[in-house]
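Each remark here refers to the structure printed beneath this line.
The values are calculated or read from the model by the stated rules, or taken from the named source; none is laboratory data. It should be emphasised that the depicted structure is a prediction, and the values quoted were computed from it without experimental measurement. Counting neighbours? That spans all protein chains shown, and the Cβs are built from the backbone with ideal geometry, glycine included.
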Amino acid sequence: MNAPSPVPSGVLALVGDLAHQQREIEQVLLDHLLDRGFQLVHLPVLEYAHDESVGGYRFVDQAGRLVGVRTDFTPLAARMLAPCLGAGSLAVCYSGEVIRPRPVRLRQLPELYQLGFETYGLAGGGEGALDLTLELLALAGVRLADCLVSISLAGLGERVMRRVTGRPPVPELVELLRARDTDTFLELAPLPADAAQALRAALLGLPAGAWAEELGVAAEAARVAHVQARLETAGVVSNLDLAPRLAGSYYDGLEFTVWGRATQAVLAGGGEYRIEVDSGMKEAAGGCVYLGVALEERPC
Amino acid sequence: MLTVALPKGRLLDPLVELAGRHGLALGEALASAGRQLVVEMGDLRLLLLKDADVPVYVEQGAADCGIAGLDQVLDREADVLRLLRLPFGACRLCLITRQGAAVRAQGRPLVLASKYLRLARLLAEKRGLNATVVPLSGSVELAARLGLADAAVDLVETGRTLRENGLQPVEEWLAVSPYLIAQRAAFFWKGNEVRALRRGLGGLE
């Protein structure tokens, strides 16, 4: 039979050993989370696309309602689980694919196999989520000494911009910060010499001591420095990333991205956020491992 | 070892000159390399690439850093860091028409000719223009002169070629300069080497 390619271009089908390997590691990681008291949840691959939270493929069901394919687990889990949370707390774990119209991260496939966890109303916050994510990566066989953890605080870049320019952040300037294009930024938003130098140092990844005070984010930098010191003790390299993420992130506190040295790609990510429940806002945190990339990162 | 993608085109000579002024002897290494496309120079591995390919090599991690025009970076939608704007090769991406002609398309989308398929479309959208882009790979200005398109979108340096061909830039759409670009992961992993290269191109810290 002369069949066309069985999958759309850019997605991956695992066959034989690779499929077994992924299944085994997935089970090891899920068992670890179950042992830690997390409850397994199976989240639907389809959800109603009633707002901007579903940013991927959309189509219409038989009743004419807009349906979306899941692009991310965290907001989906929050929407599904918030109604049954009440005043209590919950810790859940999950695994499965998310499908995105195009990769959102460097060298990612549009379809990504994720394994992750979320906690609602529990202590630990973003730091706890980071620790657990690194545990999962280590269990998957990734050498943590070959990882780099990039830590940020949601909105940090925007706060810096408000402080140095005295105006609310505008998308064009946010994009320049993300690209670390200080030259064009300073052309569009001229700053006093000290502030310009501090901004340049921040975007060049120099230690926060050189710029945090001048940019008015010393307290935030101190919080990140505390996390970095803990990571250093564990032999994990980290940095503070000032540049804001792309719009649409739901994290509103500490957030992290774990990069692999061999793949030069993102292995895992997570952070802290809040969800709305009947009794008000509830603290939440989570992390997820991109299983396919993590497997690729493992030493031979 | 830092892998740096260099453009073989018009940016190479001024780049070599700039680097030489800051103590980075790219010229000697490239001269002794003959027709080789990969040249080792101390802790640097230099790749000589077609200008438009530099952002692709960098974004995908085949090179840690590179030198590329903003036009190429944006047209390729390359998610790379732009760490230093270089002080040469500045030009403008302009909307170009025949001299004396207005940019007008009655009752149909405006037809633009450009080498920059995505960037021209994006910039037209930003201006609220309903436009289709005809992709061309060279002598784009002629498309406007000969009526293949209502207007062209192309780089203008001095404007002399346009004048000699009966054309004019009617709007500047983007200021274009070459940049030192870096791959996001490489910037995290090789921060010191990347910053040293940036200093070697005159960047201040």
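Summary table below
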quantity	calculated
Restricting the range A:104-126 to residues that are over 13 Å from the mean Cα position of the chain (by Cα) and among the charged types (D, E, K, R), the residue that is modelled with the highest pLDDT	A:GLU111
The range A:37-50 residues that are over 22 Å from A:ALA91 (Cα atoms) and in contact (Cβ under 8 Å) with a residue 24 or more places away in the chain, paired with ones that are part of a loop (DSSP other than H, G, I, E, B) and among the basic types (Lys, Arg) (beta carbon under 9 Å, 6 or more apart)	A:LEU46/A:ARG70
Filter result (closer than 21 Å to A:LEU204 by Cα and acidic (Asp, Glu)) within the range B:29-77	B:ASP43, B:GLU59, B:ASP64
Within the range B:24-133, helices (runs of 4 or more DSSP H) holding 3 or more residues that are in the same structural domain as B:LYS190 (by TED's automatic domain parsing)	B:26-32, B:54-59, B:70-75
The range B:161-175, residues that are among the charged types (D, E, K, R) and either in contact with a Phe, Trp or Tyr (Cβ under 8 Å, 6 or more places away or on another chain) or within 15 Å of B:VAL140 (Cα to Cα) (or both)	B:ARG163, B:GLU164
Strands (runs of 3 or more DSSP E) wholly inside the range B:145-205 that include at least 2 residues being more than 12 Å from chain A (Cβ to nearest Cβ) and of a type outside the set (A, V, I, L, M, F, W, C)	B:167-176
Selected residue [within 14 Å of another protein chain (Cβ to nearest Cβ), of a type in the set (Gly, Ala, Ser) and surrounded by fewer than 20 Cβ atoms within 10 Å (Cβ to Cβ)] from B:ALA90, B:ALA78	B:ALA90
Flag for B:ARG35 being away from every other protein chain (no Cβ under 14 Å), over 30 Å from B:ARG163 (Cα atoms) and surrounded by fewer than 20 Cβ atoms within 10 Å (Cβ to Cβ)	yes
Candidates A:ASP181, A:ASP146, A:ASP194, filtered to the one that is within 14 Å of chain B (Cβ to nearest Cβ), under 25 Å from B:ALA68 (Cα atoms) and acidic (Asp, Glu)	A:ASP181
Exclusive hit being under 15 Å from B:LEU83 (Cα atoms), under 22 Å from the mean Cα position of the chain (by Cα) and surrounded by 15 or more Cβ atoms within 10 Å (Cβ to Cβ), set A:ALA129, A:ALA202, A:ALA196	A:ALA202
